[in-house]
1. Return only the number of the condition from (1) at pLDDT 95 or above; (2) more than 16 Å from the ligand (Cβ to nearest atom); (3) polar (S, T, N, Q) that THR17 does not satisfy.
2. Restricting attention to region 17-29, report how many residues are touching a residue at least 12 places away in the same chain (Cβ under 8 Å) and part of a helix (DSSP H, G or I).
3. Give me the residue from region 139-180 that is basic (Lys, Arg) and outside any helix (DSSP H, G or I) and, out of that set, farthest from the ligand (Cβ to nearest atom).
4. How do the helices (runs of 4 or more DSSP H) wholly within region 214-322 filter down when requiring 3 or more residues that are within 16 Å of the ligand (Cβ to nearest atom) and open to solvent by less than 10 Å² (accessible area, probe 1.4 Å): which remain?
5. Which of the residues that make up region 63-79 are under 25 Å from PHE310 (Cα atoms) and either away from the ligand (no atom under 16 Å from the Cβ) or crowded, with 17+ Cβ neighbours inside 10 Å (or both)?
6. Considering only residues of region 185-195 that are aliphatic (A, V, I, L, M) and open to solvent by less than 10 Å² (accessible area, probe 1.4 Å), which is nearest to the chain's Cα centre (by Cα)?
7. Yes or no: LEU14 surrounded by fewer than 16 Cβ atoms within 10 Å (Cβ to Cβ) and either touching a residue at least 40 places away in the same chain (Cβ under 8 Å) or closer than 21 Å to ASN330 by Cα (or both)?
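The values are calculated or read from the model by the stated rules, or taken from the named source; none is laboratory data. Everything numeric here is computed off the predicted structure, so don't read it as measured data. All Cβ positions, even for glycine, are placed from backbone atoms using ideal geometry, and neighbour counts span all protein chains on display. Heavy atoms of the whole protein, side chains included, go into the accessibility calculation; ligands, DNA and RNA do not. Shrake-Rupley method; radii C 1.70, N 1.55, O 1.52, S 1.80 Å.
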Amino acid sequence: MDFRHQNMNKLYHLIKTSEIPLKVIEEIFEKAEWFERELQRGRRDFNNLKGATVCSLFYEESTRTRFSFEKAIHNLGGNVISTEAAAQFSSAHKGESLEHTIKIISGKALSHLRYADIIILRHPEKGAAEKAAKVSGVPIINAGDGSGEHPTQALLDAYAFKRFLGRLSHFSICFVGDLKFSRVIGSDAILLSQYPGIKMFFVAPKGFEIKEELKSYLRQKGVEFKETDDIKKVVCQSDIAYIVRVQKNRISDRNLLQTYQQNKDNYAVTKEVYEMSEKKGTLFCHPMPVDEKEKEIRPEVENLPRIKMFEQAGYGVPIRMAVLELIWRNLTDKK
Ligand code: NCD
């Protein structure tokens, strides 16, 4: 098999959301919709990944991302090799570099003896997926690199918004919580900036605001956005409210964490926030996990009809099926 390198129009590595052409995003949505319909009809005999081995290489904890990727691979008739705690259970624990691990799994030296045809990588370090892609003999899918990016989460979120609202343009969204250390916020905003008429509000406490580089990206794309510090100020103008947890795993400064915790009601979906957005019909999304201690989605509202996070997570399966199918098709396409 001839493994080609990245070509602008053909998805090979999936590292950054900004690198996915709109045409490819649309193709992924279309295919995901088709997979979803077929799954709903009870179909289980897809063979789009027949003969492919996918390595799910997770150096950082995950529930939804890893399981939905692995379920997607099983659904498509592919094989999975996996480690869910690569930092402890792979040779990384013996001091091996990420580059060496990737070279081995991807068969850089002996391509015909590679262990896997596609690698799904989650890593606590920003830039890890890019680093891996530089030395890999097979496509790398970034399943989250520290506070960097999470492109397949952005794809599944946008797909969910489209399903919930019936369109992916001309709506307003507020992103709420720890916007600085969350990798999802940046990826989602970048993906949505490709579509017209999407107004964004960013709601975060001091020290947790969106990064300057994201602001200048959005300005350059002509996106209308505003920043504020209380969800109550913008929820009634938002079709979607997208909440994220405070990323404690990336915050070492205890004082900073305290500033968040002191005002956490300003970034949570409380009964008051839910009720005040009744008229607008705001839908509440969250990439999950919800922090059981901080309760950014309060237990008293989590089962109400406009809390959409459980449905949202389900879309991970068809979206990841579509991504894997496309990458594998690009690899094996003879044309
Ligand atoms: C997110 C992640 O890992 O970035 N979760 C996910 O993939 N569904 C969000 C988070 O950890 O807060």
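1. The one condition THR17 does not meet is (2).
2. Initial filter on region 17-29 (touching a residue at least 12 places away in the same chain (Cβ under 8 Å)): 17-18, 20-25, 27-29.
Next cut, part of a helix (DSSP H, G or I) only: 17-18, 22-25, 27-29.
Total satisfying the criteria: 9.
3. Looking only at region 139-180, we keep the residues that are basic (Lys, Arg), and these are 162-163, 167, 180.
Going one step further and asking which of them are outside any helix (DSSP H, G or I), we end up with 167, 180.
Working: ARG167: 24, LYS180: 13 Å.
This residue is ARG167.
4. On the way: elements: 254-262, 271-276, 309-314.
Result: empty, no element qualifies.
5. Applying the first criterion (under 25 Å from PHE310 (Cα atoms)) to region 63-79 yields 63-76.
Those that are under 25 Å from PHE310 (Cα atoms) and either away from the ligand (no atom under 16 Å from the Cβ) or crowded, with 17+ Cβ neighbours inside 10 Å (or both): ARG64, THR65, ARG66, SER68, PHE69, GLU70, ALA72, ILE73, HIS74, ASN75, LEU76.
6. Narrowing region 185-195 to residues aliphatic (A, V, I, L, M): 185, 189-192.
Add one more test, that the residue is open to solvent by less than 10 Å² (accessible area, probe 1.4 Å), and what stays is 185, 189, 191-192.
Details: ILE185: 9, ALA189: 11, LEU191: 11, LEU192: 13 Å.
Ranking the candidates gives ILE185 first.
7. Numbers: surrounded by fewer than 16 Cβ atoms within 10 Å (Cβ to Cβ): no; either touching a residue at least 40 places away in the same chain (Cβ under 8 Å) or closer than 21 Å to ASN330 by Cα (or both): yes.
Criteria not met by LEU14.
Residues are listed down the side, and each one gets a yes or a no for (1) out of contact with any helix residue (DSSP H, G or I) (no Cβ under 6 Å at 6 or more places or on another chain); (2) of a type in the set (S, T, N, Q); (3) at pLDDT below 95:
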site	(1), (2), (3)
GLU212	yes, no, no
ARG219	yes, no, no
GLU227	yes, no, no
ASP230	no, no, no
ILE243	yes, no, no
VAL246	no, no, no
GLN258	yes, yes, yes
GLN262	yes, yes, yes
ALA268	yes, no, no
